[in-house]
Structures are given as structure tokens and as C-alpha cells.
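The values are calculated or read from the model by the stated rules, or taken from the named source; none is laboratory data. The model shown is predicted, which means the values in this text are computed figures rather than measured ones. Note that we place each Cβ from the backbone using ideal geometry, even for glycine, and neighbour counts take in every protein chain shown. Just the protein is used for accessible areas: all its heavy atoms, side chains included, with ligands, DNA and RNA removed. Shrake-Rupley method; radii C 1.70, N 1.55, O 1.52, S 1.80 Å.
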Amino acid sequence: ETGPPHHELFVRMRDRNGSIILPGAFLPTAERHDLVQELDSWVIRKAISTLAGLDAETCPRLQINLSGRTVGDPKLPGFVQSELERTGVDPANLIFEVTETSAIGNMTRAQEFSARMNELGCGFALDDFGTGFASFYYLKHLAFDYVKIDGEFVQNLASDPVNRLLVKALVEISRGMGKQTVAEQVEDARTLGMLREFGVDFVQGHFLGRPRPLERADLTDLPEIQLDTPVRS
């Protein structure tokens, strides 16, 4: 049994000509002008309303990236709770992702937020795992459900013995703590096979499907567009 499919929501902007602007070009500006919390709130509301419009029995899980500033906002847990209660969405279908670097900015708030989301029944993922200077500290002190192994360790997995050792170790540690793992940036069949061998729970990358606009994606029935696909039965 693989459980429900997982999809990660990515935010994009369009310029005046309709061309897509990637997050690296607009998120730093939103951070500088203190607008990123408003943007994250919009994404949360969009994710929950999307889940509310889907059949409860076939509903996928949606993953949302949060900025460090949003995680540090004391009003965030109450906002999430009120939106879930208003729509009747199952909290288990909502997963929040926070990078290690975001958590570093305000560890106390990150702990409070992860604990509160855990109480509500939402999922919590530690994103880009392995890139921070104190990775194992976060494994111990944050209430999370998923570890997302950074693509830096997944790329060239077949040809890089060091990457293989690191990924195996991260999977073993995560499993020992009762957490699930997601390997990012999977780009070929050989890498996918190795990750299955290592016991990784989910994979994400262009080999399985490229991102599509939400309105054109069937979130419950098209595995080729899944951004996170179970690799263990």
C-alpha cells in the first residue's frame, strides 16, 4: 500500500507580457519588503481551498514551502487552524516544508510551529536536508514527519560513491527515528532504482513529471504528473 499521492505546490508570477517569473527572482524582494508572509498566507489558503474541492477518499497530500519569516509569525498556527476548520479539510493532507536555513533564523518559533502543526494533525517536512551546518540538531529538536534529502546528494548518485554513502546514512537515520524520506531532483531511471534499493519512501524530480499549472493538473489520477511518487510498496 503506497498511500495517497503527494504533490508539492510551487508559486510562480507572471510579468506584464505573461512570461513566468521564477521564485528566485521575486521572493527576495518580497522578503525585503515584508510581503512574504502575505504571499505564504495566500498559498496556504489556495492549498486548503484546493483540498476542500477534492473527494475525501481520493484526496492527495499537498506540500507547501514556508519562508523563515512566516514560520516565525506567532499568528500562523491560528490562521492555519481557522482555515482548516472553516473548510473541513483533513489536516493530514496538508504538509508544511521548512528548510534548515529557515529554522536557523528562529529555532524557538520553528519548534513551536512544528509542535502546533503536529497537534493539529498536519504534516511537517524538513526540506533541503543535509545542506545546513547543524542538520542532526534539527532532526532531534523539531517535530517533523518527512526528511527531504537535498538534490545535491541525489544528483550523480550512480557515479558518486560519497553521495551513495550519505543518502544511505540519511535514510537509515530517518527510518530509525520513524520518519519518511523524500529524495529531490531525481532525473533518471538508474537513480530511481538505487533510491528504491536504499529504502527511500518518496522521490521527486523531472524524471517522474514536470510541474504543471494547478488548474491543468489532475491531482488524484495522473501519476506521470506527480511530483512526489511512492517508490516502496
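Please give the helices (runs of 4 or more DSSP H) falling wholly within segment 3-88 in which 3 or more residues are surrounded by fewer than 19 Cβ atoms within 10 Å (Cβ to Cβ). Even if it seems obvious, please write down each step before you answer.
Working: elements: 23-32, 36-52, 68-71, 76-87.
Where helices (runs of 4 or more DSSP H) fall fully within segment 3-88 and carry at least 3 residues being surrounded by fewer than 19 Cβ atoms within 10 Å (Cβ to Cβ), they are 23-32, 36-52, 76-87.
Condition test on Arg61, is it at pLDDT 90 or above, among the basic types (Lys, Arg) and out of contact with any Lys or Arg (no Cβ under 6 Å at 6 or more places or on another chain)? Before you say what the answer is, go through the steps one by one.
Values: at pLDDT 90 or above: yes; among the basic types (Lys, Arg): yes; out of contact with any Lys or Arg (no Cβ under 6 Å at 6 or more places or on another chain): yes.
So Arg61 passes the test.
Out of Leu222, Leu165, Leu157, Leu195, report the one residue that is over 27 Å from Gln111 (Cα atoms), open to solvent by 20 Å² or more (accessible area, probe 1.4 Å) and at pLDDT 75 or above. Walk me through it before giving the result.
Numbers: Leu222 fails: at pLDDT 75 or above; Leu157 fails: open to solvent by 20 Å² or more (accessible area, probe 1.4 Å); Leu195 fails: open to solvent by 20 Å² or more (accessible area, probe 1.4 Å).
The unique qualifying residue is Leu165.
May I ask you to list the residues in segment 115-140 that are hydroxyl-bearing (Ser, Thr, Tyr), open to solvent by 30 Å² or more (accessible area, probe 1.4 Å) and not in a loop (DSSP other than H, G, I, E, B)? Reasoning before the result, please.
Within segment 115-140, the first condition is being hydroxyl-bearing (Ser, Thr, Tyr), and the residues that meet it are 131, 135, 137-138.
From what's left, open to solvent by 30 Å² or more (accessible area, probe 1.4 Å): 131, 137.
Within segment 115-140, Tyr137 is the sole residue that qualifies.
Give me the pairs, please: first residue somewhere in segment 143-170 and more than 20 Å from Asp127 (Cβ to Cβ), second residue anywhere and in a strand (DSSP E or B) and open to solvent by 40 Å² or more (accessible area, probe 1.4 Å), beta-carbon distance under 8 Å, and either six or more positions apart or on two chains.
none
Hey, Val98 hits all of (1) at pLDDT below 90; (2) farther than 16 Å from Val36 by Cα; (3) touching a strand residue (DSSP E or B) at 6+ places or on another chain (Cβ under 8 Å); (4) not acidic (Asp, Glu) but one; which does it fall short on?
(2)
For a quick check of your reading of the model, give me the residue pairs whose first member lies in segment 50-64 and is at negative phi, whose second is of a type in the set (Asp, Glu), with beta-carbon atoms closer than 6 Å and at least 6 apart or on different chains.
From residues that are at negative phi, the pairs are Gln63/Glu8; Gln63/Glu97.
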